[in-house]
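None of the figures in this text is laboratory data; all of them are computed from the coordinates on show. Source: prediction; values computed, not measured. Here the Cβ positions follow ideal geometry from the backbone for every residue, glycine too, while neighbour counts run over all protein chains shown.
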Amino acid sequence: MEGLGIKQRLQETLKSIYFPFVAIVVSLLIGSVVILATSTTSPLTAYGHMLKGAFGNLAAFDATLIKAIPLIFTALSFSLARRSGIINLGAEGQFMMGALAATAVGVATPNLPAIIHLPATLLAGFLGGALVGLLTGVLKVRFGASELIITIMLNYIAKELISFFVNGPLMDSASSSYPQSAPMEPSARLYKFIPGMNVHTGLIIALVFIFLYYFFLWKTTAGFDMRVVGFNPSAGEYAGMNIGRSTIFALFLAGGLAGLGGCIEIIAVQGRLMMTSFIVPYGFTGIAVALLGNLNPLGVLFSGILFGGLSAGALRMEVMTRNVSSSVAVVIQALIILFIAGRQMFAIKKRYRSRSSSGTSAGKTVTDEAKDDDAPLAPATAEEGV
Amino acid sequence: MTTILEMRNITKRFGPVVANDDVSFSVKKGEVHALLGENGAGKSTLMNILFGLYEQTSGEILYKGKTVNIRSPRDAIHLGIGMVHQHFMLIPAHSAIENVVLGYEGNSAVLDLKSAAKRFTEMAERYHMNIDPWELVGNLSVGQQQRLEILKALYRDVETLILDEPTAVLTPQEVDGLFEVIRQLVAEGKTVVFISHKLPEIRAICDRCTILRRGKVAAAGLPISDIKDLNELARLMVGREVELVTEKTPSEPGEVVLNVENLNYTNDKGIHVLKDVNFDVRAGEIVGICGVDGNGQSELIKCLTGLLHATSGKIELMGNDITACTPKQVLKQGIGHIPEDRHAMGMVGQMNLRENISMVDSRDEPYSSHGFMHWRWIDDHSRNLIDKFSVKTPSIMEKAINLSGGNQQKLVVGRELSRKANLLIAVHPSRGLDIGATKYIQSQIVEARDRGVAVLMVSTELDEILEIPDRVLVIYSGRILACLDQCDCTRSGLGLLMAGIEDGEEDRPA
Amino acid sequence: MNEVVSFFSTTLRLATPTLLAALGIVFSERAGVVNIGTEGMMLVGALSGVIGSYVTGNVWLGTLIAIVVTVLFAAIFGFFTVVVKADQTVIGTGMNLLASGLTITVNRALFGASTSPPEIDKFVIAPIPGLSKIPVIGPIFFNHHILVYLAFLLVPIAHFVMFRTNVGLKVRSVGENPKACDTVGIRVGMTRFLSILYSGILAGIAGSFVSMGMLSFFTEGMIAGGGFIALAAVVFGNYTPRGVMFSSLVFGASNALMYRLQALATNVPSQFPLMIPYVITIVSLCIVSRRSNKPLGSGKPYIKE
């Protein structure tokens, strides 16, 4: 009945990985130019080290996974918002606020059994980010303020708040010269769970949330409404959906996902809150991960691991070559964003599909063709939401 | 009079769609030439080619006897061709004079708006169009904006002025003023191309007319003075009698399902769009609303479906007042709605068929319960639906955008018909569809009627209006001009009513 | 008294990079381009200025090199947003990440990761003869780097260009209604592209000022949100050069306040004054959103039919 043959499925799969593949290849090519220009190492050697450092052995893959976990959360955050028609540039700040809230709960209540303390910490992390998202959503819907500027401003406010707390209320009394919190209580931490590997149970939480992301958007009515509104707010309105509410809820969840990422990074990897906890721009890199994964759950998983590998591999590349900077990985990540966002430039087929035979619909262009993916084209505007 | 403009054998394709098919069009210097035709007949396309906004697929343009190559509006303006678009090309945030000098080639690097305003005001006074050059365009009325558009073109010393449906947005008084201006322009030796589908206006102001029908020339350069009978013109515009007839038995109207009383709607620009609209729709009958686009149909339907809220008046569905209901509440009351633009509203192209089918009722059983979608049930339902409504698709997992226009519309119609609705609102159900799909959708609507559904159908297609509804309401400029039984409808009669002529009288002195 | 004079003087100095960058963004924003990538452009400007100054031994030649390099970088942004018509926000974010990665890579390759920064020619304080001697007024307004004077002199010039010239009218119009501009023969894409390049020039100068005026070396990620603050200054300043000057001064003042609080070692945590600009921006955004000068066509690529 469904009529999707193996050949067709294969074509679909090929089609869905065409743009990511081209973007990665072109980005690596340009990256190799950067390597040639800034070092004496051949790009092939450098990339070889990078590959080994990312996926070369179990230890490498272990490091890759650890770096992938926060990226998966921030990517899910961006993806969920984007699917609801919102561009969330605030994962950075939501990540931090999640970390902050989790730290507050994680250090403040000693002698709590882990069965209570850990979930409470995770919940605090989620809510820390979610409330920032909620604030963004309310301001957007209520006042029609652009979420772009709001989220960016909130990122900086979050950064200052962290700085305030690690220098003040949450400052570790034992090491008062360093701006950092006390270590997290053992009952509020995540631990490694595979013998011989350092990767922590945050990986399982990440996998669960990838599944929840899928389940929510594709299996629940609230998620379904969000996707309809994200693709076509007018259609959502026509079908009786409340666009403002959908926007606010989406930002709440997106914020929560990023917050949970921040929480896990603190309780599993860093162990305590520090200003240096946020040197890697997990929020912005998550955008690249989300776009490369085409906002799909499995896509986010794979591109998250790929980007984790890029970071982990870059460190090895730097150590082994001694003159290729690990920041080349950031260049490659950035280029991937550019080439995925501008993927219409790689569209090869100018396949024509008639949407209708009316005289008003002009021919599809290459641009339309490239946009023929799962991502909503137009963000919902707040005007339509109220 | 010499021929100033000639468009020869112009063909314009948008992909497989032919908007202009071998159209030739010739205008003499100093005349007002009407370009006449129904919605979608290709008038605007032709003029956009002349103005350089579109490029013709084939054919050539001669201006003042020379072959010209118009690639952009800049080229057209250089030649002396100006255009006032149906949707004004003005910037509300800027002052009138800034809009006038925008892109003007005589501008110096530092703008001298004062002397520009002086020249503008002199010109405006000459044509009796008083506009404060320093006023923000956003504060101007629609009529003033149009005058500004005309002055903007005249400021560039154009000799030929294209007016695209200039009266669509004007009050009768403003139309009179516009005609004065056109007469003065012609007296000065300028040429005007006047796009319209309103017959009385054309008779009042134009010298000759060219009629387009479905992208082809139906009549070329017909002198208006030769036309004794407006019916003749209406017939040329709307075409032959129909060949195919959808089978239909006489209706058996039951109780009143929808009752609209004294409905008024004023939009946020202060325009009174719906004026004292009264009508009802009974179970088991199809009421058609016919009229030229932009006469208040969209707003009426939006008021009925909760997307807009009426300024005054009352809407009752099955005896319940739904005037202030939200779209969701209205849908729950049992209204099926085939919206006017399936791409903009009726479907989500990037989602698959089963998702599009669930869109409207997603929060209700059996589509979902306790917040979870019941995809298994939806899949069965979707397969039945695409089967029943002959939607051609490889699978229910196909994205809606990959379907042909006809199949997309069948999908929307099928979805709305399979909802248990007492009232079906069908807006342009067959717009843009081929004859086969049109007939199929029409027969489905008739079938729904036979099951006892009350149907309100909006259409601009006379063929459809003559065939499908049991009663026909003619809407003109926000008012219901007439309510006719189907047997009383004639093509020319409806054509005249749609053009605003009541009882053979023109509704306004022109 | 000295405290007050020093506070206002610092305010002007700290407002300068924001003002310079914002005077560029205000044009690209008016043209309908949301330039999230300014942060990255400033970063590129900061590094290339230092390299230029290091190589040529002259801070002005260094600035010139910074301008050239930043304009090239802005051209990439223009290519993706105007030519390819990709999402401006996403591309802007990508540009920031690209700038971050590239500047770190190049900086490490040239100067090494840990060695002390090289000696370069830097901007020096240029008191204006006579005027700088006036009590109070002199030290506040006339005892600065040349770029500080330049930034504030640019405000009336930018105002004049935006509201009194043909180019300014075109820029303001393509952002509001690109289609209308098309119908009067204005090349929308070219206008937008050039306004992006212009904002690149100023971002380059702003970046140079950060690395060679406020400091005398480049550090990784040294712009630290300065580009976003400039963007916020444009929104808060309601898309006019004068408003941009006002908001830059507010932002500069809150930074100056932070330094004073740190210096005085008061009990007020320095983080809160630092948040002021961001909070003000959000609040003002909520108040003015419905009636701001934000161009109608902002952020939307213009796709001709």
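Inter-part distance, the range A:277-324 to the range A:39-55, computed on C-alpha centroids, equals 16 Å.
Ignoring aspartates and glutamates fewer than eight residues from B:Lys332 along the same chain, the ones with Cα atoms less than 16 angstrom from its Cα are A:Glu237, B:Glu316, B:Asp321, B:Asp361, B:Asp364, B:Glu365, B:Glu416. In plain terms, the chain from B:Arg451 to B:Met397 could stretch by 16.4 nm, reckoned as 0.36 nm per residue minus the Cα-Cα distance. Highest mean packing comes first when the peptides C:219-232, B:255-268 are listed by Cβ atoms within 10 Å, giving C:219-232, B:255-268.
Model label sites at B:Lys420 and B:Ser24, defined 7 Å from Cα along the beta-carbon direction, differ in position by 6.3 nm.
Take every Cα pair under 8 Å whose residues are at least 6 apart in sequence, average their separation, divide by the length of the range A:9-164, and the relative contact order is 20 percent.
Bridgeable lysines around A:Lys192 (alpha carbons under 20 Å apart, same-chain partners fewer than 8 residues away excluded): A:Lys67.
Across the range A:327-332, coupling constants 3J(HN,Hα) worked out from phi with the 6.51/-1.76/1.60 Karplus curve, θ = phi - 60°, read 5, 4, 4, 5, 4, 5 Hz, and Gly and Pro carry x. Rounded to the nearest 20, the Cβ-based charge dipole of the range C:2-223 about its Cα centre (Lys and Arg +1, Asp and Glu -1) stands at 540 debye. 3J(HN,Hα) along the range C:56-61, derived from phi through the Karplus expression 6.51 cos²θ - 1.76 cosθ + 1.60 where θ = phi - 60°, amounts to 8, x, 9, 5, 6, 5 Hz, with x in place of Gly and Pro. Among the listed pairs B:Lys392/B:Lys439; B:Lys152/C:Lys85; B:Lys190/C:Lys304; A:Lys140/A:Lys219, which are separated by more than 22 Å between their Cα atoms? As for pairs spanning more than 22 Å Cα to Cα, those are B:Lys152/C:Lys85; B:Lys190/C:Lys304; A:Lys140/A:Lys219. For the segment B:76-89, counting C-beta atoms of other chains within 10 Å of every residue's C-beta and taking the mean gives 2. Normalised by the number of residues in chain B, the average gap of Cα pairs under 8 Å and 6 or more apart makes the relative contact order 15 percent.
Between B:Lys332 and B:Lys66, the C-beta separation translates, for a Förster distance of 45 Å, into a calculated FRET efficiency of about 0.10. Shown for A:Tyr191, C:Tyr239, B:Tyr367: other C-beta atoms within 10 Å of each C-beta, ranked fewest to most, produce the order A:Tyr191, B:Tyr367, C:Tyr239.
Just to confirm my numbers, what's the Cα centroid distance between the range C:49-98 and the range A:85-157 in Å? Their Cα centres are 33 Å away from one another. Using a cutoff of 8 angstrom between alpha carbon atoms and counting only pairs six or more residues apart, the relative contact order for the range C:2-223 works out to 42 percent. Peptide A:217-224 shows a mean partner chain C-beta count of 6 within 10 Å per residue C-beta.
Protection proxy ranking for B:461-470, A:27-36, using the average of other Cβ atoms within 10 Å per residue and placing the highest first: B:461-470, A:27-36. In the structure shown, the pairs B:Lys43/B:Lys198; C:Lys179/C:Lys300; B:Lys275/C:Lys179 are assessed against 23 Å; a Cα-Cα span above that value is assigned to B:Lys275/C:Lys179. Is any residue of the range A:10-40 close enough, with backbone N under 11 Å, to a label point placed 7 angstrom from the Cα of A:Asn323 along the Cα-Cβ axis, and if so, which? Only A:36-40 pass the distance filter. The string of couplings for the range B:281-287 from the Karplus curve (6.51, -1.76, 1.60, θ = phi - 60°) is 10, 9, 4, x, 9, 10, 9 Hz, one whole number per residue in order, with x for Gly and Pro.
Among beta bridges from DSSP that stay inside the protein assembly as shown, the antiparallel ones total about 60%.
Grab the DSSP H runs of the protein assembly as shown that are 4 residues or longer, score each as -39,500 (n - 2.57), total them, divide by all residues and round the 222 nm result to the nearest 500 deg cm²/dmol.
-17000 deg cm²/dmol
Give the aspartates and glutamates reachable from B:Lys64 as a straight Cα distance under 18 Å; neighbours fewer than 8 places away on the same chain don't count. Straight-line reach from B:Lys64, under 18 Å: B:Glu6, B:Glu31, B:Asp75, B:Asp157, B:Glu159, B:Glu188.
Be a star and scan the range B:128-163 for residues whose amide nitrogen sits under 12 Å from the point 7 Å along the Cα-to-Cβ vector of B:Lys269. Backbone N within reach: B:138-147. Amide H contacts for C:Asn293 (H built 1.01 Å from N in the peptide plane; partners 5 or more residues away or on another chain; cut-off under 5 Å): none found.
Put the Cα centre of the range B:24-67 next to the Cα centre of the range B:317-382 and the gap is 44 Å.
Residues whose amide H lies under 5 Å from that of B:Thr3, counting only those 5 or more places away or on a different chain, are B:Lys29; hydrogens are built 1.01 Å from N in the peptide plane.
Descending by average beta-carbon neighbour count within 10 Å, the peptides B:123-135, B:89-101, B:300-312 line up as B:89-101, B:300-312, B:123-135, the highest first.
The mean number of Cβ atoms from other chains found within 10 Å of a Cβ in peptide B:363-375 is 3, as a whole number.
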